[in-house]
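A short write-up of the structure that comes next.
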Amino acid sequence: MTTPVPTTSARTAGDVASAPATAPPSGGASTRGAASRQPSTASRSGKGRAWLLAIPVPIAILILWTLGVQGEWILPFGIKMAFLPTPMDVGARLWDFAFGGIMNDAFSGTLWAHLWASTLRVLQGFGLATALAVPLGVVMGRSKTVFRMLEPTINLIRPIPVTAWAPLTLLIIGFGDRSTVFLVFLAAFFPLLLNTITGVQQVPERLLEASSMLGTPASQALYKVVLPAAIPSIVSGMRVALGLAWVILVVGETVGITTGLGAAITQAQEQSRTDLIIAGMIVIGLAGFAADRLLTLAVRLVVGRRPLAT
Amino acid sequence: MSMTPLDTAADGTVVLTHLGKHFPGAPLPAVTDVSLNIGSGEFVCIVGASGCGKSTVLRMVAGFEQATDGAAQVSGRDVSGPGPDRGVVFQDYGLFPWLTVTENIAYGPRQARLAKADVQDRTSRALESVGLTRVARSFPHQLSGGMQQRVAIARVLANRPAVMLMDEPFGALDALTRSGMQQELRRTHHEAGVTILFVTHSIEEAVFLADRVVVMAGGSSHGNSGHVREVVPITLGQDRDPASGEFNEIKRYINGLVHAGNAVPV
């Protein structure tokens, strides 16, 4: 309900009202500025505390790990810690894997070649998946006919784990790069496709109405409204897809490939070199983490400070 | 500041002749036989209970809904779809979340392919007229509801429409913000000289704002179609005091029209 408003002359009220009318937004802006400054300082000290809290657990794990190896503990699942290298061994192996000079064996200083080969495969598979899944997802999200044509088939194929594709892939494509890239592509394709479809379907009808009443012809609504509105969804699909791409890489590189992180830990397994396996695992984990950060950074460079939350 | 439409042919008259809407599958038309002549620069409010079809009428004028009966004409032309001559302000704002306040407001002028300087000029004027210059670089989600609705109004004003269509624009705002926005809107209407068709369920709001109040009644919950019961001219002049006796007299009269004998169409 309207609150009673004592009006003087409407015309003067109109002119005078412009002053109080501008006041609330400016007040709002300054409180907003203060509000956004405060949490940032608060989160900085909070971040410091978070770091302090996060440190003891990994240190405890490293200590227990060392003790377990030395004491030849046997853990649940029959984990025989005597077969593990100590964290120090792994550290030394990791250094040697990257820079050489300690063990000086076939693996010394080869990390970068393996990492580069794996990164290329991830980029190819992921890039191909993005190039195909995003446009297809946009079409499926916009056209009910296309959606009804393809959705059942896609949901029949999707539940098949990509690891289950591996044996078939090796037979019909053959050992080598192309099999691995195909598996990475497959792993990245579905999360990207589904996220894009969802993002496009969930664009509020209201935004399309708003754009049309502001003069956007229906033919331009796709790139003026639908795509920008779906970007947050597409980006989260890309992040999931990129993570899965690194997961599947190890499977894809186990057979018939000599260079690559998955290949390296497969060879290490054949030679029962647990220190190298763990070093390889750590590198793959870090690579996946770095890839996600780089993707996020790249997205931020493109969208600037525009909100990415849906 | 002159905000008259550039297109002189777009005089902002709205003529509804026996306008009706029958949604597919519904047993009855949602709206039937709405006839109304709105003059250039007039401020008309539609009030009525939920389900009487007042928003449907507005959406037909906007071109979001196709009329199944009769016709809507704006500035002498038949409405066949949405267009920038009819700016719409929604209850839920409908701002583009990925655009800043400035970019939201510049959207229409850019869409009209105006020269860069003109886009800037119109955008900053619209920003100024709603008092949002300070938050020009913010994104909608960083603003309060009232400020977001100001952006939505500025976005429409920047397009210099002949008609502004407002669908319960202040319905989601708190009472204080709401009364402030109502006064601003009266000022904006006065300055821009734009025709306004304003849908609300608040009779007080309608009496405070409008030159004429269209009272609608009926709807599927009453077993008939939404229709116009009466058009009430508001003769309170420019200075309206919602606490005054004559204001409340009109309010009571319209309240009676909204609630009495809903079953029989007039």
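In table form, for the structure just shown:
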{"quantity": "For B:VAL31, residues with placed amide H under 5 Å, excluding near neighbours", "calculated": "B:LYS21, B:GLY226"}
{"quantity": "Pair A:VAL303, B:ASP239: separation of 7 Å Cα→Cβ label points (nm)", "calculated": "5.3"}
{"quantity": "Residue (of B:CYS45, A:LEU75, A:THR274) at the positive-pole extreme of the protein assembly as shown, dipole from beta-carbon charges", "calculated": "A:THR274"}
{"quantity": "Normalised alpha carbon radius of gyration of region A:224-267 [divisor 2.2 N^0.38 Å]", "calculated": "1.75"}
{"quantity": "Semi-axes of the equivalent ellipsoid for region A:205-278, Cα gyration tensor, largest first, Å", "calculated": "50, 11, 6"}
{"quantity": "Between 0 and 90°, nearest 10: helix A:261-270 axis offset from chain A longest Cα axis", "calculated": "30"}
{"quantity": "Rg(Cα)/(2.2 N^0.38 Å) for region B:1-160, N = residue count", "calculated": "1.14"}
{"quantity": "Calculated [θ] (222 nm, deg cm²/dmol) that DSSP helices of n ≥ 4 give over chain A, each run adding -39,500 (n - 2.57)", "calculated": "-26000 deg cm²/dmol"}
{"quantity": "Global size of region A:147-202 as Cα Rg and Dmax, reported in angstrom", "calculated": "13.3, 41"}
{"quantity": "Per-residue [θ]222 nm for chain B (sum of -39500 (n - 2.57) over DSSP H runs n ≥ 4, rounded to 500)", "calculated": "-10000 deg cm²/dmol"}
{"quantity": "For the protein assembly as shown: accessible area per residue (Å², 1.4 Å)", "calculated": "48"}
{"quantity": "R0 of 25 Å, Cβ-Cβ distance B:HIS190-B:GLU246: FRET efficiency to nearest 0.05", "calculated": "0.70"}
{"quantity": "Interface size A-B, as summed buried accessible area [1.4 Å probe, Å², nearest 100]", "calculated": "4000"}
{"quantity": "Percent accessible area from carbon and sulfur atoms, region A:205-262, protein chains only, probe 1.4 Å", "calculated": "66"}
{"quantity": "Hz values of 3J(HN,Hα) by residue in region A:166-173 - Karplus curve (6.51, -1.76, 1.60), Gly and Pro given as x", "calculated": "4, x, 4, 4, 4, 6, 8, 9"}
{"quantity": "Distance-filtered residues of region B:220-264 - backbone nitrogen under 13 Å, label point 7 angstrom along B:HIS22 Cα→Cβ", "calculated": "B:225"}
{"quantity": "Whole-number D in µm² s⁻¹ for region B:142-266, Kirkwood Cα-pair radius fed into Stokes-Einstein, 25 °C, 0.890 mPa s", "calculated": "154"}
{"quantity": "Phi to ³J(HN,Hα) by Karplus 6.51 cos²θ - 1.76 cosθ + 1.60 over region A:182-190, Hz, x for Gly, Pro", "calculated": "4, 5, 4, 4, 4, 5, 7, 4, 5"}
{"quantity": "Inter-label distance, nm, simple model (7 Å from Cα along the C-beta direction), A:LEU168/B:SER144", "calculated": "6.0"}
{"quantity": "Charged-residue dipole, Cβ positions (Lys, Arg, Asp, Glu), the protein assembly as shown about Cα centre, Debye nearest 20", "calculated": "840"}
{"quantity": "Convex hull projection area averaged over all views, region A:153-310, Cα basis, nm²", "calculated": "11.9"}
{"quantity": "Dimensionless Rg/Rh of the protein assembly as shown - Kirkwood Rh, Rg from C-alpha atoms", "calculated": "1.13"}
{"quantity": "Helix B:101-111 vs. chain B, principal-axis angle (Cα, 0 to 90°, nearest 10)", "calculated": "80"}
{"quantity": "Value in Å of the Kirkwood radius, where region B:67-222 supplies the Cα pairs that are averaged", "calculated": "16.5"}
{"quantity": "Rounded to 10°, Cα long-axis angle of helix A:144-157 versus longest principal axis of chain A", "calculated": "20"}
{"quantity": "Per residue convex hull volume, Cα atoms of chain A, in Å³", "calculated": "243"}
{"quantity": "Label-zone membership for region B:92-121, site A:TYR223, 7 angstrom Cα→C-beta point, backbone N under 17 Å", "calculated": "B:110-113"}
{"quantity": "Surface share of carbon and sulfur [accessible, 1.4 angstrom probe, percent] for region B:1-131", "calculated": "51"}
{"quantity": "Label-point separation in nm, A:MET281 to A:GLN70, each point 7 Å along Cα→Cβ", "calculated": "2.2"}
{"quantity": "Other-chain or far-sequence residues with amide H under 5 Å of B:GLU65's (modelled H)", "calculated": "B:MET60"}
{"quantity": "Cα principal axis extents for region A:75-143, largest first, Å", "calculated": "59, 36, 15"}
{"quantity": "Rounded FRET efficiency, nearest 0.05, which uses the C-beta distance separating A:GLU205 from A:ILE102 and R0 of 51 Å", "calculated": "0.20"}
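The values are calculated or read from the model by the stated rules, or taken from the named source; none is laboratory data. Quantities reported herein were computed from a predicted structural model and do not represent experimental measurements. Here the Cβ is made from the backbone with ideal geometry for all residues, glycine too, and neighbour counts use every protein chain on show. Side chains included, ligands, DNA and RNA excluded: accessible areas come from the protein's heavy atoms. Shrake-Rupley method; radii C 1.70, N 1.55, O 1.52, S 1.80 Å.
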